[in-house]
Amino acid sequence: MSLPLSISGLTVRAGARALLTIEELALPACSLTCIRGPSGAGKTTALHALAGLLSGTGRLAWGDADLCRMSRMARTRFRGAQMGMVFQDFLLFEELTARENALISAVFRPDRAALSRRADALMERLGLSGLAQRRADRLSGGERQRVAVVRALAHDPAILLADEPTASLDRATADALIADLAALARAEGRSVVIASHDPQVWDAMDRVLTIRDGVLEAG
Ligand SMILES: Nc1ncnc2c1ncn2[C@@H]1O[C@H](COP(=O)(O)OP(=O)(O)OP(=O)(O)O)[C@@H](O)[C@H]1O
């Protein structure tokens, strides 16, 4: 089930400083959205707020779930059930293999057999099958990025949040990855928000938003 996003009067603070302000934003379910903006403008902060990793005041609701009204524990549960995340620096476990990293979220789940099959299919689709048994610390930057994408999608999340997912990839691999992410999202009914500097990513999205000095506006 895909979830729409509805935000109003959102502020995320670090001490006295407002790191992020979003007055009004509504994204329909199954939409593909890009956040762009100069370095330091707040793209990562915005993604982390959308993930409930940062607390804010106001309203930030995926469907009926307003993250601003949830406890930290409830946000963690919601994120585990509904979200996949691709972090800017991948956050792989270096001593685990590509496949073990991709399956990390399956370990404690009752549906881990189905999840493993899905992860293997995603690895094949993203050209990683031959690298399944290779340790993460022996993968290239682009390979690590694709492992992080498989890990984010293995549990078929309703929401995918990705921070610069094409940054370490050559043009052809980047284009193929974004085409795959978009096609999978449309086929599987997923809402996607990507932070990216890459104009080719902007072109593949339904909507591009701009953030400047921590203020997100429709672009
Ligand atoms: N916890 C925090 N406390 C104080 N300031 C923070 C905190 N987290 C982020 N910032 C600041 O917020 C601003 C936005 O950072 P952020 O990483 O979101 O930018 P970005 O647009 O993703 O940048 P880049 O494109 O370089 O990754 C920066 O000035 C950063 O130093």
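The values are calculated or read from the model by the stated rules, or taken from the named source; none is laboratory data. Quick caveat: nothing in here was measured; it's all calculated off a predicted structure. We place every Cβ from the backbone using ideal geometry, glycine too, and count neighbours over all the protein chains shown.
Here are Arg69, Arg59, Arg13: which of them is within 11 Å of the ligand (Cβ to nearest atom), without any contact (Cβ under 8 Å) to a residue 60 or more places away in the chain, over 19 Å from the mean Cα position of the chain (by Cα) and farther than 19 Å from Leu153 by Cβ?
Arg13
Among the numbered criteria (1) in a helix (DSSP H, G or I); (2) among the basic types (Lys, Arg); (3) at pLDDT below 90, which one does Arg117 miss?
(3)
Please work out which one of (1) buried (at least 22 other Cβ atoms within 10 Å of the Cβ); (2) within 18 Å of Ile194 (Cβ to Cβ); (3) of a type outside the set (D, E, K, R) is the condition Ala119 fails and give its number.
Unmet condition: (2).
Could you look through the stretch 183-200, keep only residues that are of a type in the set (A, V, I, L, M) and at pLDDT below 95, and pick out the one that is surrounded by the most Cβ atoms within 10 Å (Cβ to Cβ)?
Ala185
Would you mention how many residues in the stretch 21-36 are buried (at least 22 other Cβ atoms within 10 Å of the Cβ) and within 11 Å of the ligand (Cβ to nearest atom)?
Total satisfying the criteria: 1.
Being assigned to a loop (DSSP other than H, G, I, E, B), buried (at least 16 other Cβ atoms within 10 Å of the Cβ) and not aliphatic (A, V, I, L, M) is the requirement here; does Thr173 meet it? Break it down into steps so the answer makes sense when it comes.
On the way: assigned to a loop (DSSP other than H, G, I, E, B): no; buried (at least 16 other Cβ atoms within 10 Å of the Cβ): yes; not aliphatic (A, V, I, L, M): yes.
Spelling it out, it is not the case that Thr173 is assigned to a loop (DSSP other than H, G, I, E, B), buried (at least 16 other Cβ atoms within 10 Å of the Cβ) and not aliphatic (A, V, I, L, M).
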